[in-house]
Structures are given as structure tokens and as C-alpha cells.
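A short write-up of the structure that comes next.
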Ligand SMILES: Nc1nc2c(ncn2[C@@H]2O[C@H](COP(=O)(O)OP(=O)(O)OP(=O)(O)O)[C@@H](O)[C@H]2O)c(=O)[nH]1
Ligand SMILES: [Mg+2]
């Protein structure tokens, strides 16, 4: 990923839903002006959800999720519908494409579910160039779903600018947290960032949370000073006054806490991202369950990345080691990666999630809500490490 690209997890995720052949893929092509999505008369052209990162005027960077028609049939069809269903957890906004035949029996259930999950929906009547009774169709949608559909044709491009405007109006407020550092800094503050001594990112790079934090602080008009852990003390001596905030990599928590000036508040990249990408209060509450663990407990470690060379060491080695050291070798730790998050979390006494930098916020929040609904405490790497090293009470939360 180049630094000029918006990380995909920060893009507005737009899910496109409708029956087979309703024109979902054609709509993406028309919206973006590119023929990237596969389109055909064959009902069931799109099978698995397809993610497409695009710039969509006037919204900016978005991620389209093209889905299989939700009326797909048979055993394979049911699997596809399930995959479509799973995308509901990621969609910040949904386009519902109504089929021209006026039969909305299946649309109703999907609309209900989208609304239950608070996903804003833009209704679309597509293929306007070839359906005879557009007005009647609009009225039917309006009457049945209290939704004023946008009438478009992917072929003639009629209505496409209006649809872009409708999408822009429907963008949910706060689909992203306002900023990474939130109330922890003010304009003009000097903020000291502590990276691990052996920077684990590939040569010439920093990992995404560090890059995004630096950008956030620059946007907030702060002065950013970055050091590796071994340079912390010389850097503190070089500063005329203690920094307004220190943000450290979780791995150097203890050392930084020991060395830092008393008056300087300390937080970590993972704690900032826990708030930015999830729900920090829920994570802190979840971390309290660590005190209740025993040698018989079962803990689930959930990683977003399937490759994860950077977090691996924390999730797969460091946290399990710390837990076993405290509660005994028989404590059981399971690891899941990517989207393989168990539907049933109840076998676990605690879920510890990674920072989720590869996921969008909506999706991480949906996992937190799932754990809460099942009564299973959930926290994340950074918060768990802070708890395990006994300094959770001593760091500041955004
Ligand atoms: N004339 C016209 N044809 C359209 C329009 N939109 C889609 N079509 C045609 O309708 C057929 C289905 O379009 P797709 O975009 O593949 O529909 P889909 O909803 O993605 O279908 P599945 O992937 O099978 O679920 C194709 O033959 C398209 O060319 C339109 O606005 N006007
Ligand atoms: Mg399609």
C-alpha cells in the first residue's frame, strides 16, 4: 500500500443488494464510470462478494461491495446468500436495487434487517431505460417501504449524478471516529511517539497505526517527535519541557512508564486504535475479566490479518505466554484469523481481539456487540497487555 492511498478499512463501505439480474454490478460500473464489475444476462453472475475500492465523487474514497443476488437458489445459492448476509456487518451504507417486476417480497426482509442494524439505505430503481412503468414502481416502493427510490439507468447513465448525491446525503454521521487522538491533544502540543527498538515493519516503512497517528497529529497542528525506545531518554532530555503526551508501542509500555516524566500522560497506539476502531470503554470492561481467569479458562485470540507478521508475536506468543504465566500452563488459547470469527463465542471466558487496522469500524463494533449479546467479555491486544502489565489504570484513554 502506498502512503497516498486511503487504507481500505477507512473507506465508506457501500453494500449493493438486490435480486439476481436486478442490475447491481451494472450500477457499480455506472457509478464509477468503469467497466470493472462482471455483468451478464445470466442470473447469478456475481457469486462471492466482490470488494472494489474507488473514488466516488462527491463522497471520496469508498469501498463498493458487489453481492450475489439474495434470491439465489439451491445448495450453492444458499451459501452465496449467506456470504451476502455476512457483508451486512461491514456495510456503512446500503443500496437496495429493486427489480423491475414489482415483486418486493424478498426485499422486505433484507430492508428490515438493514434497518435493524442501523444501516442507512438508498433505494434504487435501475434499468429505467427499459422498464415501462417507472412511476408506478416508484410509488409502490414509496408506499411499501417509505423510501423514495432514485431512478437510474446504467445504460444511459440517467439518474447517476442524482444517485451519487443521494449516497452523499445518506453517509452516516460519525461512520469513523472523529480523530485518533481525540481529546488527548490540543493544537500546539508536543507529542512524543515511542516505536519499538527493532521496527518490525518492512524496510523503509512504518506500520499503519503509526502512520495514521502521525497524520492525525499533524492535522491537529501538533509537533510530533518520534523515537525508538532506546532513544527515549535522550529525547526527553533534549526537549525543553515534558511533552504533552507520550504514545508508545505496547511492547515498551513498562519501560516508558518507568522513564517518563510524572506529569506527562501516557497512552499506546493500540489503546488509541481500540477507541478509533472499536469501543474503548467496552474493551476496558472486558479486560476486567482477566482477573477472573483460571487454569481451566478458555481464551480466544482474534486476529484481523491472515498473514500478520507484525501482530503475530503479540497475539500468538506474547499474550498467551503472559496469560499462562499468571494462570497456569493448562489455560487454553485458541486463535482465529481473518473473517473466521466464531458465531458462538460462549465456550470462551474471554475474547482478545487485535487492533483491527484491516477492518472497518462498523465490522469491529459488530463483533463487540456480538460478544456482548452472548455475555462474553471482549477486549483487545493493547488493552489486555496494559491490564496484564498492571498499568491499565495508569494510562489515559481517548
Ligand atoms: N438496458 C439496460 N440493461 C441493464 C441495465 N442494468 C443492467 N442491465 C442488464 O441487466 C443484466 C443484469 O445486469 P447485472 O448488472 O449483471 O445484474 P446483477 O444484479 O449484478 O446480477 P447478478 O450478479 O446475477 O446478481 C445484464 O444483461 C445487464 O446488461 C440498465 O440500466 N439498462
Ligand atoms: Mg452482479
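The values are calculated or read from the model by the stated rules, or taken from the named source; none is laboratory data. Note that the structure is predicted; figures quoted are calculated from it, not measured. Don't worry about glycine lacking a Cβ; one is built from the backbone with ideal geometry, like all the others, and counts go over all protein chains shown.
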message: I need every pair where a residue in the stretch 23-45 that is more than 20 Å from residue 83 (Cα to Cα) has its Cβ under 7 Å from the Cβ of a residue that is more than 6 Å from ligand 1 (Cβ to nearest atom) and in a helix (DSSP H, G or I), sequence separation at least 6 or different chains.
response: 30/160; 31/160; 31/163; 31/164; 35/29; 36/29
message: Quick check on the stretch 342-398: of everything there that is without any contact (Cβ under 8 Å) to a residue 24 or more places away in the chain and not in a loop (DSSP other than H, G, I, E, B), which residue is farthest from residue 244 (Cα to Cα)?
response: 373
Among (1) in a strand (DSSP E or B); (2) within 16 Å of ligand 2 (Cβ to nearest atom) - the single one residue 62 does not satisfy: (2)
query: Within the stretch 159-195, which residues are surrounded by 15 or more Cβ atoms within 10 Å (Cβ to Cβ) and assigned to a loop (DSSP other than H, G, I, E, B)?
result: 159, 171, 175, 176, 177, 179, 180, 181, 185, 189
field: Evaluation of residue 289 against (1) crowded, with 16+ Cβ neighbours inside 10 Å; (2) at pLDDT 90 or above; (3) within 23 Å of residue 196 (Cα to Cα) (one fails), failing number
entry: (3)
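Residue-by-condition table, conditions (1) touching a helix residue (DSSP H, G or I) at 6+ places or on another chain (Cβ under 7 Å); (2) touching a residue at least 40 places away in the same chain (Cβ under 8 Å):
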{"site": "115", "(1), (2)": "no, no"}
{"site": "132", "(1), (2)": "no, no"}
{"site": "139", "(1), (2)": "no, no"}
{"site": "156", "(1), (2)": "yes, no"}
{"site": "159", "(1), (2)": "yes, no"}
{"site": "170", "(1), (2)": "no, yes"}
- prompt: Looking at the stretch 91-102, which of the residues that are over 12 Å from residue 66 (Cα atoms) and buried (at least 20 other Cβ atoms within 10 Å of the Cβ) is farthest from ligand 1 (Cβ to nearest atom)?
  reply: 92
message: Given (1) touching a residue at least 40 places away in the same chain (Cβ under 8 Å); (2) in contact with a helix residue (DSSP H, G or I) (Cβ under 7 Å, 6 or more places away or on another chain); (3) assigned to a helix (DSSP H, G or I), identify the lone condition not met by residue 255.
response: (1)
field: Among (1) closer than 22 Å to residue 91 by Cα; (2) touching a strand residue (DSSP E or B) at 6+ places or on another chain (Cβ under 7 Å), the one test that residue 338 misses
entry: (2)
- prompt: Which condition number in (1) within 13 Å of ligand 1 (Cβ to nearest atom); (2) touching a helix residue (DSSP H, G or I) at 6+ places or on another chain (Cβ under 6 Å); (3) closer than 24 Å to residue 341 by Cβ is the one that residue 53 fails?
  reply: (1)
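Residues are listed down the side, and each one gets a yes or a no for (1) more than 24 Å from residue 362 (Cβ to Cβ); (2) more than 9 Å from ligand 2 (Cβ to nearest atom); (3) at pLDDT 85 or above:
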residue	(1), (2), (3)
8	no, yes, no
13	no, yes, yes
21	yes, no, yes
26	yes, no, yes
34	yes, yes, no
45	yes, no, yes
48	no, yes, yes
- request: From the list 324, 298, 316, 332, pick out the single residue that is on the phi < 0 side of the Ramachandran plot and without any contact (Cβ under 8 Å) to a residue 12 or more places away in the chain.
  value: 324
task: Determine if the stretch 65-80 includes at least one residue that is away from ligand 2 (no atom under 15 Å from the Cβ) and either closer than 30 Å to residue 355 by Cβ or assigned to a loop (DSSP other than H, G, I, E, B) (or both).
output: yes
